[in-house]
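> Handing you a structure now.
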Amino acid sequence: MKTIDDFSFAGQVVLIRVDFNVPLQADFSVADGTRILATVPTIAKIRNDGGRVVLMSHLGRPSAREDKYSLRHIVTYLEKALQTRVSFVNDCLGEGAQTAIAQMKDAEVILLENVRFYAEEEAGDVAFAQKLAKLGDMYVNDAFGTAHRAHASTAIIAQFFPKKACFGYVMANEILNVNKVLKGGTPPITAVVGGSKVSSKIAILEQLMGRVDHLIIGGGMAYTFLRAQGGQTGNSICEENLQGLALELMATARAKGVQIHLPIDVVCADAFSPEANTQVCEANAIPEGWQGLDAGPKTIASFAAVVKLSKTLLWNGPIGVFEFEKFATGTRELGEVIAAQTEAGTLFSLVGGGDSVSAVNQFGLAKRVSYVSTGGGAMLEYLEGRTLPGIEAVLKNA
Ligand code: AMP
């Protein structure tokens, strides 16, 4: 995998595809700049080499040129993050962009306007990608968040940079860290898969079967497994039509020597509400009218024991309705154990895809685990074993 560390960028115009698709407030100031801050080391390395940085990104889903989706809104934030002046060009193509780039000096930074102001971007139009490519001498893809899209600036463009395309640090870190789990993690390897539905996690569960030693199934999706085994799950979320698949997955697990861990007891509620009445029940004996919304104490202890014997761990999806304080305990306590084991140096822990990322942020655990993916949908697709066009395109041309 070629990264920016394999190149020196002195005097080169470097087109960097970043993911500056950040949430904005009503006054258009940046509400959460995590994605911008993540790209600072990549931009710094290229500037330190004496490269000329031209940043391309999308923002939102504009159907035409709309000011609310203009990347000019993020310039002040970006200048502060980079501690340097950023020139904004109000188009990503055309004479304005060409002239501004031609006048650049080494280490200067230009931000181009939203690439999605052209429908050709999402269409993956080759001619459009070629026009973008003409703006730079080298191409760096650092937009993991859109790596699962075959868009012009994320994938199609790479073919115009033979031997001059590589990954920035955001991309490289995401790939390296998830591969530490999926390809050659130190055993025992454990995956904690939670969230609301089995249906959205089928491909991930199937992928994990051949790769992990332990599979902890928590959250809403556990009830489909419990019910399939004849348990009474009351009003808990359950996908009746997937019970057969749940049994098949359990059979595959047995055949492959994967130990599946399901909840033993759960915190039940008489309504899906933050103010609901609660009681702790056996996970397979939930009374009618009640629904399981969090892991119970025995479950937490049993999941924690598995975490403690693991050396490598992937966490995808919360194990309860953590958005409601009454049902956040399981997710918080499991997160604490994962963080503590990581800090003790006995566990490599990756949190990726879906709401577990929000959960670790909410509980202040993000800095205490080994790696938190910023990739959202892209990380989910990577975990599902799919080829991501943004990664593939750079690998082919690196
Ligand atoms: P997902 O996007 O599939 O990862 O699901 C995340 C959502 O699952 C979160 O919003 C949680 O509130 C929800 N969730 C977790 N446990 C349960 C449960 N027992 N019942 C219903 N929803 C749950």
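The values are calculated or read from the model by the stated rules, or taken from the named source; none is laboratory data. Please read these numbers as outputs of a predicted model, since none were measured by experiment. Cβ: placed from backbone, ideal geometry, glycine included. Neighbour counts: every protein chain shown. Surface accessibility is based on the protein's heavy atoms, side chains included, excluding ligands, DNA and RNA. Shrake-Rupley method; radii C 1.70, N 1.55, O 1.52, S 1.80 Å.
> Just to be sure I understand, how many residues within the range 105-132 are open to solvent by 10 Å² or more (accessible area, probe 1.4 Å) and among the hydrophobic types (A, V, I, L, M, F, W, C)?
6
> So which strands (runs of 3 or more DSSP E) stay within the range 233-293 end to end and still have 1 or more residues that are open to solvent by 70 Å² or more (accessible area, probe 1.4 Å)? Steps first, answer last, please.
Numbers: elements: 259-261, 265-269, 278-282.
Hits in the range 233-293: 259-261, 278-282.
> State the number of residues belonging to the range 175-204 that are within 12 Å of the ligand (Cβ to nearest atom), aliphatic (A, V, I, L, M) and touching a strand residue (DSSP E or B) at 6+ places or on another chain (Cβ under 8 Å).
In the first step, residues of the range 175-204 are kept if they are within 12 Å of the ligand (Cβ to nearest atom); the result is 192-202, 204.
So of that shortlist, the ones also aliphatic (A, V, I, L, M) come out as 192-193, 198, 202, 204.
Then drop every residue that is not touching a strand residue (DSSP E or B) at 6+ places or on another chain (Cβ under 8 Å), which leaves 192-193, 204.
Residues meeting the conditions: 3.
> Please enumerate the residues belonging to the range 129-183 that are among the hydrophobic types (A, V, I, L, M, F, W, C) and part of a loop (DSSP other than H, G, I, E, B). Walk me through how you get there before you give the answer.
Let us first name the residues in the range 129-183 that are among the hydrophobic types (A, V, I, L, M, F, W, C), namely 129, 132-133, 135, 138, 140, 143-144, 147, 150, 152, 155-158, 160-161, 165-167, 170-172, 175-176, 178, 181-182.
If the condition is that a residue be among the hydrophobic types (A, V, I, L, M, F, W, C) and part of a loop (DSSP other than H, G, I, E, B), then LEU135, ALA143, ALA147, ALA150, ALA152, ALA155, PHE161 are the ones that fit.
> Considering the range 353-366 alone, what residues qualify as being out of contact with any strand residue (DSSP E or B) (no Cβ under 6 Å at 6 or more places or on another chain) and either under 25 Å from ILE4 (Cα atoms) or open to solvent by less than 20 Å² (accessible area, probe 1.4 Å) (or both)?
Residues satisfying the conditions are ALA359, LEU365.
> Still on this structure, I have one more. Among the residues of the range 184-199, which ones are in a loop (DSSP other than H, G, I, E, B) and in contact (Cβ under 8 Å) with a residue 12 or more places away in the chain?
Matches in the range 184-199: GLY185, THR186, PRO187, PRO188, GLY194, GLY195, SER196, LYS197, VAL198, SER199.
> I would also like to ask the following. Can you tell me which residues in the range 295-344 are more than 11 Å from the ligand (Cβ to nearest atom), closer than 20 Å to VAL280 by Cβ and touching a Ser or Thr at 6+ places or on another chain (Cβ under 7 Å)?
Within the range 295-344, LYS326 is the sole residue that qualifies.
> Does at least one position in the range 55-66 carry a residue that is without any contact (Cβ under 8 Å) to a residue 24 or more places away in the chain, in contact with a strand residue (DSSP E or B) (Cβ under 8 Å, 6 or more places away or on another chain) and farther than 27 Å from ASN361 by Cβ?
Among the residues of the range 55-66, not one is without any contact (Cβ under 8 Å) to a residue 24 or more places away in the chain, in contact with a strand residue (DSSP E or B) (Cβ under 8 Å, 6 or more places away or on another chain) and farther than 27 Å from ASN361 by Cβ, which makes the answer no.
> If you scan the range 60-98, which residues turn out to be surrounded by fewer than 19 Cβ atoms within 10 Å (Cβ to Cβ), more than 27 Å from the chain's Cα centre (by Cα) and farther than 13 Å from VAL109 by Cβ?
Across the range 60-98, the qualifying residues are ALA64, ARG65, GLU66, ASP67, ASN90, ASP91, GLY94, GLU95, GLY96, GLN98.
> Please indicate, with yes or no, whether at least one residue in the range 199-215 is in contact with an Asp or Glu (Cβ under 9 Å, 6 or more places away or on another chain) and open to solvent by less than 10 Å² (accessible area, probe 1.4 Å).
yes
> Quick one: would you say LYS367 is assigned to a helix (DSSP H, G or I), more than 8 Å from the ligand (Cβ to nearest atom) and without any contact (Cβ under 8 Å) to a residue 24 or more places away in the chain?
The answer is yes for LYS367.
> Going through the range 35-53 one residue at a time, which ones are within 15 Å of TYR77 (Cα to Cα) and open to solvent by less than 70 Å² (accessible area, probe 1.4 Å)?
Let us first name the residues in the range 35-53 that are within 15 Å of TYR77 (Cα to Cα), namely 35-40, 43.
Listed by number, the residues that qualify are ILE36, ALA38, THR39, VAL40, ILE43.
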